[in-house]
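These notes are about the structure you will find just below.
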Amino acid sequence: QVQLVESGGGSVQAEESLRLSCEASRIRSSIPTMGWYRRASGKQRVLVSVILINGITRYGDSVNGRFTISRHNTKNLVHLQMSNLKPEDTAVYYCKARYLNEDFWGQGTQVTVSS
């Protein structure tokens, strides 16, 4: 079973930056799809960004142009560089990996942006 470990969350001021990382373990093959979702308090979990093994990326509308996703395929390691953070980016961020038609989730990391 794929295990995902996230790191890099924290508290920042608006317009500052953070970098989240997620590494998959217990798997030797490259994971086709990895990405990030987030859940703000009282809201549903939504897409932040995903990246395919061929480098194709997709972003949620609210983060497009401010966040950048990247990955290291052989290590099943994905990063999310978050710039120009806004208070509305405050949420728990979850790493997700899709492998053999099954979704695996990390435990989540809190990002708090204050104005």
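The values are calculated or read from the model by the stated rules, or taken from the named source; none is laboratory data. For clarity, every value in this text was computed on a predicted model and none was experimentally measured. Here the Cβ is made from the backbone with ideal geometry for all residues, glycine too, and neighbour counts use every protein chain on show. Accessible surface is based on the protein model in full, side chains and every heavy atom, while ligands, DNA and RNA are left aside. Shrake-Rupley method; radii C 1.70, N 1.55, O 1.52, S 1.80 Å.
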Subject >> Condition met for Tyr93 (in contact (Cβ under 8 Å) with a residue 40 or more places away in the chain and over 16 Å from Val2 (Cβ atoms)) >> reply: yes
Filtering region 37-48 down to residues that are part of a strand (DSSP E or B) and either charged (D, E, K, R) or more than 16 Å from Gly9 (Cα to Cα) (or both) yields Arg38, Arg39, Arg45, Val46, Leu47
Would a scan of region 86-98 turn up a residue that is under 22 Å from Ala14 (Cβ atoms), in contact with a Gly (Cβ under 6 Å, 6 or more places away or on another chain), of a type outside the set (A, V, I, L, M, F, W, C) and surrounded by 14 or more Cβ atoms within 10 Å (Cβ to Cβ)? no
Expected output for region 22-36 (first residue touching a residue at least 24 places away in the same chain (Cβ under 8 Å), partner surrounded by 17 or more Cβ atoms within 10 Å (Cβ to Cβ) and polar (S, T, N, Q), Cβ below 6 Å, 6+ apart or cross-chain) is Ala24/Asn76; Ile31/Asn76; Gly35/Ser49; Trp36/Ser49
Review point. Mind checking whether some residue in region 6-13 is on the phi > 0 side of the Ramachandran plot and in a strand (DSSP E or B)?
Key: yes
When every residue in region 2-39 that is in contact with a Gly (Cβ under 9 Å, 6 or more places away or on another chain) and among the basic types (Lys, Arg) is compared, the one most open to solvent (accessible area, probe 1.4 Å) is Arg19
Taking region 14-36 and the residues there that are part of a loop (DSSP other than H, G, I, E, B) and of a type in the set (Asp, Glu), the one that is farthest from Trp105 (Cα to Cα) would be Glu15
Scanning region 51-70 residue by residue, the ones that are in contact (Cβ under 8 Å) with a residue 24 or more places away in the chain, farther than 17 Å from Thr109 by Cβ and either in a helix (DSSP H, G or I) or open to solvent by less than 50 Å² (accessible area, probe 1.4 Å) (or both) total 1
Residues of region 72-115 being assigned to a helix (DSSP H, G or I) and touching a helix residue (DSSP H, G or I) at 6+ places or on another chain (Cβ under 8 Å), in sequence order, are none
